[in-house]
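What follows draws every value from the coordinates through simple rules; no lab data is involved. Keep in mind that this is a model prediction, so the values were computed, not measured. Quick reminder, even Gly has a Cβ in these numbers, built from the backbone with ideal geometry, and neighbours come from all protein chains shown.
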Amino acid sequence: MTDHAHVESIDSLKALRAAVIKFIDAAGQALLQADAQIDRTLDWLRRDRPAHWQGQIRKRSDEVTTARLELNRKRLSPTASGAAPSTVDEEKGLARATHRLEEADAKLLAVKTFERRITRGLTHYRASVSRVKALCNGDLPRAATDLERMIESLEAYLAIEPPRADAGRAPDPPTPGTHGFLGSQDQETPDEPSIQQRDVEPGCEEP
């Protein structure tokens, strides 16, 4: 069992952190653009289009009134021969003006209908993307921070000089006859006489 960690590649963690940050940025931009587009659409349906078609209704109502007056005037204007005048053109004009007024009324009604539909859909949309917003605003930034700490810790670990191969190994035992070898000082050397030999002089034997 080794006494150090086996680090395969810090680059993989760096790539993962970069991908997380890129996703946070892309998702955040997409959500901001979607919200902006929704706000513009709702403003268009709530302010621009109603005002436009209400103005068209007033204008086309005046056109109907004018066309009806033209028709009545033509009917009351006798020809030189005393016959009833032809009112075909005036009737067509009144029909066109009436159709345009009805169109404006239908457009205003459609605007109000779609504004209510989009408002209801917006409630469902905001509920569905709330989790994505929570990820982009909380969980993923925290994950990126944790990855950064992991990378810094691993880089600091790798910066430590690894131990030498012979570090911590017990020294080799001394060989017999060397200084410090256990029991060497109790051994007799062959060149040194024993105690009995030193105390007895030659020719004098103990009784």
So for region 3-162, what percent of the C-alpha to C-alpha distances run longer than 26 Å?
63
How many Å³ per residue does the convex hull of the Cα positions in region 67-140 occupy?
91
Round to the nearest 0.05 the FRET efficiency obtained for residue 33 and residue 91 when R0 = 41 Å and r is the Cβ-Cβ distance.
0.20
Here the relative contact order (percent) of region 10-157, from C-alpha pairs under 8 Å and at least 6 apart, is 41
